[in-house]
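Notes to accompany the following structure.
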Amino acid sequence: MSAGLAHCYRRAMEQGVPRRITVRDHSNFTMALSLLAGALGAPYIPTRTLLRSDIPRANGTFRTSTSPWDGSAVLLIPALMPDVTIIACQRADVDGNAQQWGPWGVSQEAALAAKKVIVLADEIVDRSVIAGDPNRTICPGIKVAAVVPAPGACHPSPLQGRYGRDHAFFHEYHRATRDRSGAESWIAEWVTGLPDHAAYLAKLGDGWPRLRDAGVPAAEIRY
C-alpha cells in the first residue's frame, strides 16, 4: 500500500498496545454487502464469495446455508446498522441533504443503514442547489442528525474535485508511528495538541493550498 503498514493497528492486534481491540474480519465486498443489507432493511444478503476462505471462521457472524433454488452452498452476510455514520461530501444544505460525486465507496450504504448520520460538508449551499441536481444526493436530510461545515475533512485522503490526496502526509505518518512513542508524539502534535480543525489546516501550511481545488469540471448537465 502506498501509505505503508498500519503500525498502530498491528500493535493493538498483536500486542494489545495501547489496549486490546476486537476485530471481525471482512473482505471489502462482504463489508459492502453487510451495509447494503442494513440500508435495505434486510436481515442478511447471501453470497458465494469467501465460502472456501478462513474469513467466515474469523468473522464469527456469517452463516452457511443452501440456496432454495439449486441447493448450492451460500454464505449469509448479516446486516450492519451503525449507531452513527459520518460521511464527508462536497456539499449539503442546512437540512442535511448531502451530495457527493466521484468515488463513493460505501458512503451511501453506510448512511442509509445507520440510525443517525453526521454530514461533514466541504460547502453548505442553498436548498435550491441541491434540488437543481437531485441525482447527486446520496443521503436525505431526514436521516441526518447534524451538518458540519468542514472544508478539508477528508485530509490526507482526497475529495473529488475539491482537493487531492496528500501522499507526503501519509508517508510522514507511516514513518512517525513505527513505534509507540512516535505514535504518541504524532497524536500530540496533530490531534490532541490542536484546538480545532481550522488550526489543523493552518498547520499544514503551504501544503493545503496546493491540494485544494484539484480536478477539472465535468460536462454540464441540464435538467
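The values are calculated or read from the model by the stated rules, or taken from the named source; none is laboratory data. Note that the structure is predicted; figures quoted are calculated from it, not measured. Quick reminder, even Gly has a Cβ in these numbers, built from the backbone with ideal geometry, and neighbours come from all protein chains shown.
List of remarks:
- The one condition in (1) assigned to a helix (DSSP H, G or I); (2) assigned by TED's automatic domain parsing to the domain that holds PRO103; (3) surrounded by fewer than 18 Cβ atoms within 10 Å (Cβ to Cβ) that ALA145 fails to fulfil: (1)
- Restricting attention to segment 85-115 and to residues that are of a type in the set (A, V, I, L, M) and either assigned by TED's automatic domain parsing to the domain that holds ASN28 or assigned to a loop (DSSP other than H, G, I, E, B) (or both), the residue that is surrounded by the fewest Cβ atoms within 10 Å (Cβ to Cβ) turns out to be VAL94.
- Taken over segment 167-216, the criterion of being assigned to a loop (DSSP other than H, G, I, E, B) and either surrounded by 10 or more Cβ atoms within 10 Å (Cβ to Cβ) or within 24 Å of the chain's Cα centre (by Cα) (or both) is satisfied by THR177, ARG178, ASP179, GLY193, LEU194, PRO195, ASP196, LEU204, ASP213, ALA214, GLY215, VAL216.
- Complete set of residues in segment 35-45 that are closer than 11 Å to LEU76 by Cβ and either loosely packed, with under 15 Cβ neighbours inside 10 Å or β-branched (Val, Ile, Thr) (or both): ALA42, PRO43, ILE45
- Scanning segment 180-205 for residues being without any contact (Cβ under 8 Å) to a residue 12 or more places away in the chain and charged (D, E, K, R) gives a total of 3.
- Criterion violated by CYS154 - all others in (1) modelled with pLDDT of 95 or more; (2) more than 27 Å from SER34 (Cα to Cα) satisfied: (2)
- Selection count where residues are in contact (Cβ under 8 Å) with a residue 60 or more places away in the chain and out of contact with any strand residue (DSSP E or B) (no Cβ under 7 Å at 6 or more places or on another chain), scope segment 81-101: 1
- Filter result (modelled with pLDDT of 95 or more, among the small types (Gly, Ala, Ser) and in contact with a helix residue (DSSP H, G or I) (Cβ under 9 Å, 6 or more places away or on another chain)) within segment 96-140: GLY96, ALA98, ALA110, ALA111, ALA113, ALA114
- If only residues of segment 116-142 that are more than 30 Å from PRO78 (Cβ to Cβ) and among the basic types (Lys, Arg) are counted, the one that is surrounded by the most Cβ atoms within 10 Å (Cβ to Cβ) is ARG136.
- Counted residues, segment 41-64 - those being part of a strand (DSSP E or B) and over 22 Å from ALA110 (Cβ atoms): 2
- Neighbours by Cβ (under 7 Å, 6+ apart or cross-chain): first from segment 120-132, free of Cβ contacts under 8 Å to residues at least 60 places away in the same chain and within 17 Å of LEU159 (Cβ to Cβ); second in a loop (DSSP other than H, G, I, E, B) and β-branched (Val, Ile, Thr): ILE124/VAL94
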